[in-house]
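Heads up, the thing below is written out as structure tokens.
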Amino acid sequence: MGHGGGGQLSAELVEHIFAPAFGGRVLADLADSATVTLGGARLAFSTDSYVVRPLFFPGGSIGDLAVNGTVNDLAMSGARAAYLSCGFILEEGVEMSQVARVAEALGAAARAAGVEIATGDTKVVESGHGDGVYINTAGIGLVPDGVDIRPQRAEPGDVVIVSGPIGVHGVAVMSVREGLEFGTEIESDCAALGGLVEAMLAVTPDLHVLRDPTRGGLAAALNEIARAASVGVLLQERAVPVPAEVANACAILGLDPLYVANEGKLVAFVPRAEAEAVLAAMHAHPLGAHAAVIGECVDSHPGMVVARTGLGGTRVVDLPIGEQLPRIC
């Protein structure tokens, strides 16, 4: 399971098996979506698979995730998603009423994101060989002229911004799956981020890096960027927005919020001269109303993320080995 958790084991799987086998220049960027040129147009192209359990959780469902996750992967290249494909893998015996609910949620999420489901596929596996419904989505969108967003562009001096409170989605799914109660219901903040990214690009096309901190959470996203650009990241731990209910849940479960998956949040590396204007644009958008500066890119400790703690000390925030909460996306 750890090889699908977005941590160090996932990275080793991609770097040592998939990337050498597939080859290709485009894949080498290892961004959330690939940016390719076709017929003179710059396109973002991405695919993702969704195996979340349970299928429905407070604030969303696997249908919402399947749309928003791929839309967000495209948005992390600056593209607004245009078309998605949708592949359903159904387990023999799954109730058709559940399939219908998932399909309705998926269609509603697509309409909300302004994207069209253009093609799809259905497969059925034997009972006991699946978990009700799995979904794969792939998406394509146009990258605006002058936009070049990828992990390798992080550079010392960049300001690191997160679009809002972290850890909400992961804890929401975990709470219903394990039947845990934390005194208040935590709803997933799953959302499509294309509009927020457009608002940021309207301020400046020179966003260096965007990343949605899904599997492996904020810690994995920052480590992947630091390694890709060979820069250091200095994180101000007290500045990272963590809702009280998420902090309490993590304390009970023995989890670090920095490693809990999100779906509906982004991390931005922005040139210092543009940071204030970008932050203001984010605050003016509903999905960025609680955006905060959480750190900076530095030229010391290249490839590493170091957090300055609330007590004034420092600690290394390493890439997780696997995943604290499996199957939440």
Original post:
Taking the range 162-175 as the search range and keeping residues that are touching a Leu at 6+ places or on another chain (Cβ under 6 Å) and of a type in the set (A, V, I, L, M), which one is most open to solvent (accessible area, probe 1.4 Å)?
Top reply: Met174
Subject >> Single residue of Gly232, Gly146 found to be open to solvent by less than 30 Å² (accessible area, probe 1.4 Å), touching a Pro at 6+ places or on another chain (Cβ under 6 Å) and under 21 Å from Ala273 (Cβ atoms) >> reply: Gly232
Original post:
Just a yes or no: is a residue in the range 41-50 loosely packed, with under 14 Cβ neighbours inside 10 Å, at pLDDT 90 or above and not charged (D, E, K, R)?
Top reply: yes
Original post:
What number of residues within the range 14-29 are open to solvent by less than 60 Å² (accessible area, probe 1.4 Å), among the hydrophobic types (A, V, I, L, M, F, W, C) and farther than 20 Å from Leu222 by Cβ?
Top reply: 2
Original post:
How many residues does the range 109-138 contain that are touching a helix residue (DSSP H, G or I) at 6+ places or on another chain (Cβ under 8 Å) and surrounded by fewer than 14 Cβ atoms within 10 Å (Cβ to Cβ)?
Top reply: 2
Original post:
Got at least one residue in the range 111-119 being touching a residue at least 12 places away in the same chain (Cβ under 8 Å), under 16 Å from Gly132 (Cα atoms) and not β-branched (Val, Ile, Thr)?
Top reply: no
Original post:
Pairs under 9 Å by beta carbon, first residue within 14 Å of Arg211 (Cβ to Cβ) and open to solvent by less than 10 Å² (accessible area, probe 1.4 Å) in the range 255-282, partner basic (Lys, Arg) and assigned to a helix (DSSP H, G or I), six or more apart or different chains?
Top reply: Phe269/Arg153
**OP:** Have a look at Gly63, Gly69 and point out the one that is open to solvent by less than 30 Å² (accessible area, probe 1.4 Å), modelled with pLDDT of 95 or more and out of contact with any strand residue (DSSP E or B) (no Cβ under 7 Å at 6 or more places or on another chain).
**Re:** Gly63
Original post:
Looking at (1) in contact with a strand residue (DSSP E or B) (Cβ under 8 Å, 6 or more places away or on another chain); (2) within 24 Å of Glu237 (Cα to Cα); (3) of a type in the set (A, V, I, L, M, F, W, C), which is the only condition Ile166 fails?
Top reply: (1)
Subject >> The listed residue being part of a helix (DSSP H, G or I) and either at pLDDT 95 or above or not polar (S, T, N, Q) (or both), out of Ala268, Ala261, Ala280 >> reply: Ala280
Original post:
How many residues, within the range 235-254, are on the phi < 0 side of the Ramachandran plot, open to solvent by 30 Å² or more (accessible area, probe 1.4 Å) and among the small types (Gly, Ala, Ser)?
Top reply: 4
Subject >> Members of the range 283-300 found to be assigned to a loop (DSSP other than H, G, I, E, B) and either without any contact (Cβ under 8 Å) to a residue 40 or more places away in the chain or under 20 Å from the mean Cα position of the chain (by Cα) (or both), listed by number >> reply: His285, Ala289, His290, Ala291
Original post:
Among the residues of the range 193-212, is there at least one that is surrounded by fewer than 24 Cβ atoms within 10 Å (Cβ to Cβ), modelled with pLDDT under 90 and aliphatic (A, V, I, L, M)?
Top reply: no
Subject >> Any strands (runs of 3 or more DSSP E) falling wholly within the range 21-98 and containing at least 1 residues that are within 18 Å of the chain's Cα centre (by Cα) and closer than 23 Å to Met174 by Cβ >> reply: 41-50
**OP:** Within the range 111-152, work out how many residues are in a strand (DSSP E or B) and more than 20 Å from the chain's Cα centre (by Cα).
**Re:** 11
Original post:
Across the range 189-222, what is the number of residues that are assigned to a loop (DSSP other than H, G, I, E, B) and either of a type in the set (Asp, Glu) or farther than 12 Å from Val260 by Cβ (or both)?
Top reply: 11
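Listed here are the residues, each with its yes/no results for (1) of a type in the set (Gly, Ala, Ser); (2) under 17 Å from Arg211 (Cα atoms).
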| residue | (1), (2) |
| --- | --- |
| Gly23 | yes, no |
| Val26 | no, no |
| Val36 | no, no |
| Thr47 | no, yes |
| Tyr50 | no, no |
| Ala81 | yes, yes |
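The values are calculated or read from the model by the stated rules, or taken from the named source; none is laboratory data. Everything numeric here is computed off the predicted structure, so don't read it as measured data. All Cβ positions, even for glycine, are placed from backbone atoms using ideal geometry, and neighbour counts span all protein chains on display. Accessible surface areas use protein heavy atoms only, side chains included; no ligands, DNA or RNA. Shrake-Rupley method; radii C 1.70, N 1.55, O 1.52, S 1.80 Å.
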